[in-house]
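To keep things clear, I will list the structure first and then write my remarks on it.
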Amino acid sequence: MSNANSTNGKGASSEPRFIIIGAGMSGILSAIKLKEAGLDYAIYEKADRLGGTWRENEYAGLSCDVPSHLYCYSFAPNPDWSHRFSPGAEIQAYFVDIAERYGIDKEIQYNKKITRCAFEDGRWQIETSDGSTDAGDFVIAATGVLHEPAYPDIEGLDSFQGTVFHSARWNHDAELAGKRIGVIGTGSTAIQIVAALIDDAKELSLFQRTAQWVTPQENPAFTEEEKADFRAHPEKMQQMREFIAKGFADGFANAVIDANSPELRMIHDTCVANLENSVKDSALREKLRPNYRAGCKRLIMSEDFYDAIQKPNANLVTEGIERIEQTGVRTKDGELHELDVLILATGFRVDRFMRPMNVIGRNGTKLDDVWSHGPCAYMAITIPEFPNIFMLNGPNGPVGNFSLIDVAELQFSYIMKLVDQVRSGACKEVSVSQEAMEKFDEERKEAAKSTIWQSGCNSWYLDANGVPAVWPWTFDRFRDEMANPRLDHFDLR
Ligand code: NAP
């Protein structure tokens, strides 16, 4: 066992020491902000590279459905985005560049998966997969939301003799050109994969369990002149960011929390028109028509999916899957769809967050026990009896309606206001009170009833009881809450 040292050049002081778990978007953000504040931290990453979701997802066709000038740190705009919605590799390169520019990359302790994190004698003691240990006064769990792939429980999956992989474990060695490819799933991921692979595939079979609404989405490239203009006038990027953020909040984020909003009806009508106008064959059109309202599941934005699925080498399979066999997928009608490659675009285990890490709070309280009925956290950040540990983009947060970067920045500033309670000497331990947690959850569940997510579909937004595990209020409310922590909701000791 070795004791890991502080990595950001700060020595011992009376100031608190932070442990940041994860070097994705929110972990890098935390390190930058702590460095700016002159505070001591160590940053741990389970993988051998930074980037989080943008490292893990390298599938064909990957891009982000939040416009690039909004999907970047507010303090680090990027004049070089290639497109309105830039490809995943570009987003990954952005985070690598930012980590280098702020000197974070050299500080990250790679290949160290934190296995145990326990609050003992007033400090967080951590253990990593290689047996090393460390301790900090505060932990920032920047572990991400969608990071554990969900593999489908389909009989015979292991028997497939072709190449099979999950979308978040993309097999770059797999030969795809000229092959018979199967894709299971119709989420945001699958839709992008289908559009990216269709032209080179010999045949592509999309196994659809549930149809999806698709809203048309143009994705123009920025010209070299526009990029030069952004470089010369950074304020234009800020204006564009504000413009997009406002449009996003008014037109979408605030609409989805009210199932009867006129904006949602417009989104629904746009999706219906997109389906009607884009898909020529009536039988195919009906197979692609969902039986729930647009926005209930994560809305798909695509400029090319309908074109792709109408190509002669595309096959939309709506019969349920019976089992997977050595040579392909057998559907319930008895047909065998022979395949060379099978891609599982089947999503993620959405209830993981910090786990599988063994997190132990005050008096031996185990996170797994507290979350046995599902993950919960006040403001998606803090949990009763788990003092001085905070999550960025934790459970029941704004994952369905805002840019997660904006969310993380606001949450980080909130966390620092809580940390200030300790730094000022007002207390040594800060966590939400049990009473405030329960009240918050009751109000959240009540508000969720009028959201579009609870309007009659199945999606990863819903918890085991069918309640949307998503922030059900406006972005303004979120911003206000983050700006002004209600200290009377906290247990300060
Ligand atoms: P997802 O939305 O959870 O979709 C998983 C798909 O797999 C669904 O169509 C699901 O069908 C299907 N599926 C799962 N198990 C199955 C089984 N046993 N048999 C048949 N079908 C099965 O996952 P995702 O597409 O990876 O997207 C997850 C989230 O990542 C998105 O909602 C979004 O938040 C984010 N994302 C964003 C972007 C972007 O920004 N463009 C791109 C990709 C992902 P059912 O619908 O019937 O359950």
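Results, tabulated for the structure shown:
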{"read-out": "Accessible surface of the chain [probe 1.4 Å, protein heavy atoms]: carbon and sulfur percent", "value": "47 percent"}
{"read-out": "Value at 222 nm in deg cm²/dmol, rounded to 500, when DSSP H runs of n ≥ 4 in the chain each add -39,500 (n - 2.57)", "value": "-8500 deg cm²/dmol"}
{"read-out": "Entries in 33/112; 33/445; 297/445; 287/332; 297/417; 246/439 that, when Cα-Cα distance is taken, lie over 26 Å", "value": "33/445; 297/417; 246/439"}
{"read-out": "The stretch 377-455: C-alpha gyration tensor shape, a/c 1.5 cut-off, then a/b vs b/c", "value": "oblate"}
{"read-out": "Cα centroid separation, the stretch 464-482 to the stretch 430-463 (Å)", "value": "7 Å"}
{"read-out": "Among beta bridges that DSSP assigns inside the chain, antiparallel share in %, nearest 5", "value": "40 percent"}
{"read-out": "Amide H within-cut-off set for residue 166, under 5 Å, with H built and near neighbours excluded", "value": "344"}
{"read-out": "Aspartates and glutamates with Cα under 14 Å of residue 366, excluding same-chain neighbours fewer than 8 positions away", "value": "120, 385"}
{"read-out": "Relative contact order [Cα under 8 Å, 6+ residues apart], the chain, whole percent", "value": "19 percent"}
{"read-out": "Under 17 Å from residue 179, Cα to Cα: lysines that are on another chain or at least 8 residues apart", "value": "202, 311"}
{"read-out": "C-alpha center-to-center spacing [the stretch 220-266, the stretch 45-82] in angstrom", "value": "17 Å"}
{"read-out": "Accessible surface, per residue, of the chain when the full set of protein chains is kept, probe 1.4 Å, Å²", "value": "43 Å²"}
{"read-out": "Net charge of Cβ neighbours under 15 Å - reference residue 360; Lys, Arg +1; Asp, Glu -1", "value": "-2"}
{"read-out": "Kyte-Doolittle mean at least 0.5, axial Cα span of 15 Å or more - DSSP H helices of the chain", "value": "25-36, 404-423"}
{"read-out": "Accessible surface of residue 166 - all protein chains present, 1.4 Å probe, nearest 10 Å²", "value": "0 Å²"}
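The values are calculated or read from the model by the stated rules, or taken from the named source; none is laboratory data. Owing to the predicted nature of the structure, the values given are computational and were not obtained by experimental measurement. Please note: Cβ atoms are built from the backbone with ideal geometry, for glycine as well, and neighbour counts cover all protein chains shown. Heavy atoms of the whole protein, side chains included, go into the accessibility calculation; ligands, DNA and RNA do not. Shrake-Rupley method; radii C 1.70, N 1.55, O 1.52, S 1.80 Å.
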